[in-house]
1. Once every DSSP H run of n ≥ 4 in the chain is given -39500 (n - 2.57) and the sum is divided by its residues, what mean residue ellipticity at 222 nm do you get, rounded to the nearest 500 deg cm²/dmol?
2. How far is helix 141-160 tilted, in degrees, relative to the longest principal axis of the Cα atoms in the chain, given as a value from 0 to 90 rounded to the nearest 10?
3. Exposure proxy check: 183, 89 ranked by fewest other beta carbons within 10 Å?
4. Using a basic spin-label model with each label point 7 Å from the Cα along Cα→Cβ, how many nm lie between residue 92 and residue 179?
5. At 4 °C and a viscosity of 1.567 mPa s, what translational diffusion coefficient does Stokes-Einstein give for the chain, taking Rh as the Kirkwood radius over Cα pairs? Give it in µm²/s as a whole number.
6. May I ask you to derive the FRET efficiency for residue 110 and residue 162 from their Cβ-Cβ distance with R0 = 45 Å, giving the value to the nearest 0.05?
7. For a quick check: sort 136, 152 by the number of other beta carbons within 10 angstrom, fewest at the front.
8. Which whole-number percent gives the relative contact order of the chain, counting Cα pairs below 8 Å spaced six or more residues apart?
């Protein structure tokens, strides 16, 4: 047992350059310190107002629907179902990595919110309750969890789907989900744009760490 773990740790450290992770960590740290000051960033208010001013017939139900997918009562069973499906089709290491990435990512997000205590944009209490909002703002939990979950699925599609058109379509759908949920959180007025940007950065960092771990495991075996 010790030898496989040692080999995995060696691969984890050496499998590729750490520059992307270090860069993202640095940016996330700077944004977190700034968010701790509680004030919105200079572009938060004008960008938020611009997004909320969009008036297109299908935009409102689409963005509300995408945001609803991120609620725990929907996201948790969806994640469990995908993990089980991956295990059934013999992608057990991938299933474990996805489960671990989503769970630890959620816990880390909650820890950051509690630590930074950044207030959300002002909103009536009944609106906040209707939207399921009861925590701090930075980083956006929806945007971070979508980045980890759908980003990981995009990674698996890129690795395992052989038909180029289907691979491109699948990855485009996953990317669209990540982009739309970020827009939806600003559109609904529950997050500042910088909350979403910070969540994307933390989510990509988390995704890189877990795909690194998965690749190291495969090479160690």
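Please treat every number below as a calculation from the coordinates, not as lab data. Everything numeric here is computed off the predicted structure, so don't read it as measured data. Because the Cβ atoms are built from the backbone with ideal geometry, glycine has one as well, and the counts that use them run over all protein chains shown.
1. The helix-only estimate for the chain comes to -26000 deg cm²/dmol at 222 nm.
2. 40
3. Exposure proxy ranking, most exposed first: 89, 183.
4. 3.8
5. Answer, rounded: 70 µm²/s.
6. About 0.70, to the nearest 0.05.
7. Result, fewest neighbours first: 136, 152.
8. Relative contact order here is 36 percent.
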